[in-house]
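Every number here is computed from the coordinates shown, using simple stated rules; none is lab data. Every value quoted in this text rests on a predicted model; they were computed, and no experiment measured them. Counting neighbours? That spans all protein chains shown, and the Cβs are built from the backbone with ideal geometry, glycine included.
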Amino acid sequence: MSDSAPTEHVLLTPGPTPLHPRAVAALLRPMLGHMDPEVFAINDEIQADLRTMYGTAPDTFTALLSGTGSLGMEAGFANLVESGDEVLVCVNGSFGARMAEMAERYGARVRVVTAPHGQAVRVEDVAAQLSGVQMVAVVHGETSTGVLNPVPEIAQLLRGTDTLLTVDAVTTAGMQPFDMQGWGVDYAYTGAQKCLSAPPGVAPVAISERALARFAARRTPTPLWYCDFEGLRDYWSRRAYHHTVPVNLHFAFHAALRAALDEGMTVRQRRVREMGAAIQTALAPLGFSPYVQREAERLPTVLALRLPEGFDDAGIRAALRRREISVTGGLGPTAGLIWRLGLMGEAARPAPYRALMTALEDLLG
Ligand code: PLP
């Protein structure tokens, strides 16, 4: 495999997404030191733009973690949970299950609210289990099944209580409505490579005042040194050395986030909706149908489609890959049952999906 002359590739997976051209250009900037004043100036802009993207209060602390979305998940539990805490986790897919496992590893007593795969978690089931809970954790858009969970309604249940709300915004923030302040979310994270079409490797987080107060009241130090909120604030607020941040990924992320805000959240939401409807209409005659039955529970950014009867899932995807088109199948229980078509960031464009349709019509005869 040559390390030069990359070929064109049609990337329709639910992450990573094709890089935004402005992110590509920014990646090629000459390297600067992680303590360089120009890098700190870029970081300040990233923090301000993240407040806009997440819809936070004006002074909410935002930052990039040096890692992928899973590190965003892990940092929330590492900093905000202590041994013996009761944590209620909504589990209706692989990423909810990952949250439950992480919370447990950080000493939480985990209660789980489940829903069948392909269905959203029910708000009344969450309400029924809230007594004595220090944190509720929920995946907004469950990538493994293409389900949108009712985050605003769950947040509403927690109004006026001391219970923190952690939200996995990996497939939503930057492309779907997200109102951290209005809803009352305490900790949110995503991955750069999802809705923003930046390279993987940084995880944007937003931490509410309430969450910082919970962190400040810890009885024990955060067990994960790398993402200790205090260390994060050393670098992002006090401009002190903590670790060598991936500077070129900061450049690319900064450019991609700016491009998203320039396009505008409303326009991006419409782009996803329109693309999703067009793809469903185009694939229906080939026998694909929505996997998530209730329309209101469909995650617009990850289109989960049930495969036609007798469809050779692995064979067709391998044939598409030979034509430089990447499509993702199901995960865990949905493997062989569905495709998950990515509509995040630059994937939600007509040209790559036209290429998929042309190839499918050819392959399926
Ligand atoms: N949460 C959700 C909803 C995801 O879709 C993913 C990745 O696909 C993750 C968490 C983990 O992110 P990463 O793979 O960037 O670590």
query: Between Leu65 and residues 5 or more places away or on another chain, which pairs have amide H atoms under 5 Å apart, with H built 1.01 Å from N, and which residues are they?
result: Ala203, Val205
- prompt: To the nearest Å, what is the center-to-center distance of the range 135-195 and the range 11-38, using C-alpha atoms only?
  reply: 25
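Could you check how many percent of all C-alpha pairs in the range 2-65 are farther apart than 16 Å?
Across the range 2-65, Cα pairs with separations above 16 Å total 67 percent.
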- prompt: What is the sum of charges around Ser208, taking Lys and Arg as +1, Asp and Glu as -1, for the other residues whose C-beta is under 10 Å from the C-beta of Ser208?
  reply: 0
query: To the nearest 20 debye, what is the magnitude of the charge dipole of the chain about its Cα centre, counting +1 on the Cβ of each Lys and Arg and -1 on the Cβ of each Asp and Glu?
result: 260
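What is the sum of charges, Lys and Arg at +1 and Asp and Glu at -1, for the other residues whose Cβ falls under 12 Å from the Cβ of Thr220?
So the environment of Thr220 carries a net charge of -1.
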- request: Work from the charge dipole of the range 189-319 (Cβ charges, +1 for Lys and Arg, -1 for Asp and Glu, about the Cα centre) and give the residue of His243, Leu307, Pro200 farthest towards its positive end.
  value: His243
From phi via Karplus (6.51, -1.76, 1.60), per-residue ³J(HN,Hα) for the range 96-108 in Hz, x at Gly/Pro: x, 5, 5, 4, 4, 5, 5, 4, 5, 5, 8, x, 6
- prompt: Distance from the Cα centre of the range 258-275 to that of the range 75-91, in angstrom?
  reply: 33
- request: Scan the chain and hand back the longest stretch that contains none of the trypsin sites (Lys or Arg not before Pro) lying in DSSP loops with at most 15 other Cβ atoms within 10 Å.
  value: 1-158
- prompt: Across the chain, where is the longest run that never hits GluC sites (Glu not before Pro) in a DSSP loop with at most 13 other C-beta atoms within 10 Å?
  reply: 9-308
query: Residue-wise, which Karplus ³J(HN,Hα) couplings in Hz belong to the range 274-290, taking 6.51 cos²θ - 1.76 cosθ + 1.60, θ = phi - 60°, and x for glycine or proline?
result: 5, 5, x, 5, 5, 5, 4, 5, 5, 8, 4, x, 7, x, 7, 9, x
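How many percent of DSSP beta bridges within the chain run antiparallel, rounded to 5?
Working: 20 of 40 bridges.
Within the chain, antiparallel bridges account for around 50 percent of the total.
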- request: List, in order, the whole-Hz ³J(HN,Hα) value for each residue of the range 47-53 obtained from phi through the Karplus relation with A = 6.51, B = -1.76, C = 1.60 and θ = phi - 60°; use x for Gly and Pro.
  value: 4, 5, 5, 5, 4, 5, 4
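Going by how many other Cβ atoms sit within 10 Å of their own, how do Ser237, Ser94 line up, fewest first?
Lowest count first: Ser237, Ser94.
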field: Rg ratio (alpha-carbon, reference 2.2 N^0.38 Å) - the range 25-108
entry: 1.42
- line: The answer for Val91, listing residues at least 5 apart or on another chain whose modeled amide H is closer than 5 Å to its amide H, is Val113, Thr114, Ala115
Relative compactness, the chain, computed as alpha-carbon Rg over 2.2 N^0.38 Å: 0.99
- prompt: Per 5 Å bin, what percent of the C-alpha pairs of the range 283-365 does each bin hold, from zero upward?
  reply: 3, 13, 24, 30, 20, 8, 1, 0
